[in-house]
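The values are calculated or read from the model by the stated rules, or taken from the named source; none is laboratory data. These numbers come from a predicted model, not from an experiment. Don't worry about glycine lacking a Cβ; one is built from the backbone with ideal geometry, like all the others, and counts go over all protein chains shown. For accessibility, only protein heavy atoms count, side chains too; no ligands or nucleic acids. Shrake-Rupley method; radii C 1.70, N 1.55, O 1.52, S 1.80 Å.
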Amino acid sequence: MPSPLPTPDLQTLYVSHHPWLLGWLRRKLHCPHNAADVAHDTFERILVALQRGTLENLAALREPRAFLTTTATRIVISQARRREVERACLEALAMVAPLECEVAAPDQLLQAVQTLVALAALLDGLSDKARQAFLLYRLEEMPQADIAALLGVSVSRVKQYVAQAMVHCYAVQHGMAAAR
């Protein structure tokens with residue numbers, strides 16, 4: 001079982017670059033609290049990657065600040081996607097609620113949002129078209145020819161997108177690096 005403690009390389013990276021990363025995030029996000037959260041999440045993500053073995057040698061990084069900004073940017077993008085999913089869920093619920101006699105309980109709303117966020121995280125890393133094709137095919141049960149017309153691609157490309165998404169989801173669920 002991997003050690004829950006940071007490696008000496010991670011400690012060095014943190015001590016050497018955390019203040020810089022925090023300042024960079026404050027300038028980019030215009031919110032010191034959000035910047036602190038993202039900086040923390042950046043180093044936590046690196047620690048998890050080290051523990052899983054998907055990241056091996058921090059000491060060999062030639063550009064540690066570029067590595068940190070890339071990791072932090074990915075976290076910011078994931079957060080933005082999560083907020084977008086939550087907003088879309090709340091908008092959909094607002095449209096449905098007047099039609100329903102019974103309003104969903106807060107725990108049901110929370111579960112629905114958590115499910116949508118988990119789905120968004122599962123599909124994170126796919127191109128927009130691959131994600132759209134997969135969701136339209138699997139959730140909307142739209143025919144592949146209609147998806148192809150909507151996305152402006154061939155039917156065979158839609159099949160590739162759906163297959164790519166399925167492989168990606170399997171890899172994410174089983175903790176494997178998705179084949180690109």
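Inspection of the stretch 81-98 identifies no residue that is more than 15 Å from the chain's Cα centre (by Cα), assigned to a helix (DSSP H, G or I) and at pLDDT 85 or above.
Looking at Val15, is it assigned to a helix (DSSP H, G or I) and either open to solvent by 80 Å² or more (accessible area, probe 1.4 Å) or of a type in the set (D, E, K, R) (or both)?
Working: assigned to a helix (DSSP H, G or I): yes; either open to solvent by 80 Å² or more (accessible area, probe 1.4 Å) or of a type in the set (D, E, K, R) (or both): yes.
Criteria met by Val15.
Considering every residue within the stretch 18-41, establish whether at least one is under 22 Å from Ala171 (Cβ atoms), under 21 Å from the mean Cα position of the chain (by Cα) and either open to solvent by 90 Å² or more (accessible area, probe 1.4 Å) or free of Cβ contacts under 8 Å to residues at least 24 places away in the same chain (or both). Looking through the stretch 18-41, none of the residues is under 22 Å from Ala171 (Cβ atoms), under 21 Å from the mean Cα position of the chain (by Cα) and either open to solvent by 90 Å² or more (accessible area, probe 1.4 Å) or free of Cβ contacts under 8 Å to residues at least 24 places away in the same chain (or both).
Taking the stretch 136-155, which residues are open to solvent by 50 Å² or more (accessible area, probe 1.4 Å) and in a helix (DSSP H, G or I)?
Tyr137, Arg138, Ala145, Asp146, Ala149, Leu150, Val155
Restricted to the stretch 42-58, and to residues there that are in a helix (DSSP H, G or I), over 15 Å from Thr73 (Cβ atoms) and open to solvent by 70 Å² or more (accessible area, probe 1.4 Å), the residue that is modelled with the highest pLDDT is Glu44.
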